[in-house]
1. Each label point is 7 Å from the Cα along the Cα-to-Cβ direction; what then is the distance between the points at E133 and A27, in nm?
2. Determine the share of the chain's accessible area contributed by carbon and sulfur atoms, expressed in whole percent, with a 1.4 angstrom probe.
3. Taking the Cα centre of the chain as origin, sum charge times position over the Cβ atoms of Lys and Arg (+1) and Asp and Glu (-1), and report the length of that vector in debye to the nearest 20.
4. Points 7 angstrom from Cα along the Cβ direction at N189 and N42: gap in nanometres?
5. Which residue, chosen from A36, A49, Y106, occupies the Cα position most advanced towards the positive end of the dipole of the range 35-113, where the dipole is computed from +1 (Lys, Arg) and -1 (Asp, Glu) charges on Cβ about the Cα centre?
6. Quickly estimate the mean residue ellipticity at 222 nm for the chain, helices only: each DSSP H run with n ≥ 4 gives -39500 (n - 2.57), and the total goes over all residues, rounded to 500.
7. Give me the one-decimal nm value for the distance between modelled label points at H15 and Q121, 7 Å along each residue's Cα-to-Cβ direction.
8. From the backbone phi of the range 118-133, what are the Karplus-calculated ³J(HN,Hα) couplings (6.51 cos²θ - 1.76 cosθ + 1.60, θ = phi - 60°) in whole Hz, Gly and Pro given as x?
Amino acid sequence: MIAAQPIRVLVVDDHTLFRRGLISLLAGDARFQVVAEAGDANEAHQRAAQTQPDVILLDNHMPGVNGVDALAGFKASAPQARVLMLTVSEDERDLAAALRGGARGYLLKTMDSEMLASAIQRTMAGESVVSPEMTSKLVNAFQTGQGAATPAPPAVDTDPIHSLSPREREILALIAKGASNKELARDLNIAEATVKIHVQHILRKLNLSSRVQAAVYLAGRQG
């Protein structure tokens with residue numbers, strides 16, 4: 001059996017101690033390979049173009065060009081890379097701006113190492129990931145219009161939520177609270193593979209493409 005290739009990561013943060021600590025953490029995990037590091041946006045764009053990473057861990061508040069404003073540059077320098085914001089900012093305006101700008105996730109630096117590893121892997125699997133602490137702020141940003149450019153529920157003649165089974169509605173509610181597939185499997189006492197199938201069905205039935213959109217969809221209904 002051929003071993004899976006490690007996920008290639010670019011780490012971008014202007015705080016040297018944090019950046020080196022994060023690199024050390026990832027280097028000790030066979031699932032990841034740190035291919036480059038950068039201390040500002042300009043250097044990050046150069047490193048991204050040179051290494052073509054799978055995932056870019058990007059701080060937001062950096063000198064010069066901040067992380068959100070740097071997102072457009074990565075679309076040109078490394079178009080296949082998934083960008084995950086990794087920041088101390090819990091400001092819902094930063095969250096909304098990052099998702100509008102194309103970030104595939106918004107993570108807080110207070111998260112533990114295994115949650116970070118899981119978030120990187122989920123992003124590679126096509127998911128959008130937001131720290132649980134930020135889920136309610138994502139909902140608030142949508143309801144107040146700050147996240148207006150974030151994909152919204154589809155306009156349809158009949159409410160598609162009625163096509164969901166009771167179990168799928170239960171899972172949708174937990175997704176909106178920030179639960180991961182692993183947490184859903186544990187709380188509902190079902191296999192994680194079964195959870196993934198349910199999530200796929202939910203997104204297909206609601207004509208959505210990510211868990212973040214599912215959370216926004218439910219918030220729009222409740223608002």
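The values are calculated or read from the model by the stated rules, or taken from the named source; none is laboratory data. Keep in mind that what you see is a predicted model, and the values were worked out from it rather than measured. Cβ coordinates were reconstructed from backbone atoms using ideal geometry, including for glycine residues, and neighbour counts include every protein chain displayed. Only protein heavy atoms, including side chains, enter the accessible area calculation; ligands, DNA and RNA are left aside. Shrake-Rupley method; radii C 1.70, N 1.55, O 1.52, S 1.80 Å.
1. Each label point is offset 7 Å from its Cα along the Cβ direction, giving 2.7 nm.
2. Details: 5620 of 10950 Å².
Exposed carbon and sulfur together represent 51 percent of the surface.
3. Details: 23 positive and 24 negative charges, 120 e Å.
Using Cβ point charges on Lys, Arg, Asp and Glu, the chain gives about 580 debye.
4. 6.0 nm
5. The one lying farthest along the dipole's positive direction is A49.
6. Values: 10 runs with 114 residues, N = 223.
Helix-only estimate at 222 nm: -15500 deg cm²/dmol.
7. For H15 paired with Q121, the spin-label model returns 2.7 nm.
8. Coupling constants for the range 118-133: 5, 4, 5, 5, 5, 5, 5, 7, x, 8, 9, 10, 10, 3, x, 5 Hz.
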